[in-house]
Amino acid sequence: MESSKEDIKTCRHKIMAIADTMYVLGGKWKMHIIAALYFGEKRYSDLLEDIEGISGKMLSRELKEMEMNLLVSRTIKDTRPITVKYELTEYSQKLLPIIDNLADWGLKHRKEIAYKEEK
C-alpha cells in the first residue's frame, strides 16, 4: 500500500509531537513523580518516601525541570518550620488519562506475562 504525501506529513507530525512529549516526560522518574502527585499535593519528603529508588538530588532536579515545563507547582506554606508542597498543575492534569491508560496496560501486561509463564 502506497502512502500519500499527506499521510507521510501526518505521520512525521505525529512522530515529532511524540518526540516533544517524550522529551518533557522522558527519563526514569518524571512519570513516577506525576503518578505520586496524582491524588493531590505532597511534601518533598513524602515524594522521596513514595518513589522507591530516587535520590534526593535527583528528585530536586526532576521537580525543577517539571516546574519549568509547567507540570508541577511548588507552594511554600508559611508554617514553622516552613513547608514546601508540590502538586500537579492544571496543565499537567491533562496527562492523567494517559497515566490511567499506562497503569491499565501495565496491569494487563503483567497478567499476560505471568499467564504465559504459567503455561
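Residues of the stretch 16-49 being more than 19 Å from residue 89 (Cβ to Cβ) and either surrounded by 14 or more Cβ atoms within 10 Å (Cβ to Cβ) or not hydrophobic (A, V, I, L, M, F, W, C) (or both), which ones? If the condition is that a residue be more than 19 Å from residue 89 (Cβ to Cβ) and either surrounded by 14 or more Cβ atoms within 10 Å (Cβ to Cβ) or not hydrophobic (A, V, I, L, M, F, W, C) (or both), then 28, 45, 48, 49 are the ones that fit.
Kindly indicate whether residue 58 is in contact with a strand residue (DSSP E or B) (Cβ under 6 Å, 6 or more places away or on another chain), under 18 Å from residue 25 (Cα atoms) and of a type outside the set (Ser, Thr, Tyr). Can you show your working first?
Working: in contact with a strand residue (DSSP E or B) (Cβ under 6 Å, 6 or more places away or on another chain): no; under 18 Å from residue 25 (Cα atoms): yes; of a type outside the set (Ser, Thr, Tyr): yes.
So residue 58 fails the test.
Tell me yes or no: at least one residue of the stretch 18-25 is modelled with pLDDT under 95, out of contact with any strand residue (DSSP E or B) (no Cβ under 7 Å at 6 or more places or on another chain) and among the small types (Gly, Ala, Ser). Scanning the stretch 18-25, I find at least one residue that is modelled with pLDDT under 95, out of contact with any strand residue (DSSP E or B) (no Cβ under 7 Å at 6 or more places or on another chain) and among the small types (Gly, Ala, Ser), so the answer is yes. Among (1) modelled with pLDDT under 95; (2) exposed (fewer than 11 other Cβ atoms within 10 Å of the Cβ); (3) over 23 Å from residue 91 (Cβ atoms), where does residue 13 come up short? Result: residue 13 fails condition (3) only. Of the helices (runs of 4 or more DSSP H) contained entirely in the stretch 10-83, those carrying at least 1 residues that are charged (D, E, K, R) and without any contact (Cβ under 8 Å) to a residue 24 or more places away in the chain fall at 44-50, 56-68.
The values are calculated or read from the model by the stated rules, or taken from the named source; none is laboratory data. Computed from a predicted model, the values in this text were never measured in an experiment. Quick reminder, even Gly has a Cβ in these numbers, built from the backbone with ideal geometry, and neighbours come from all protein chains shown.
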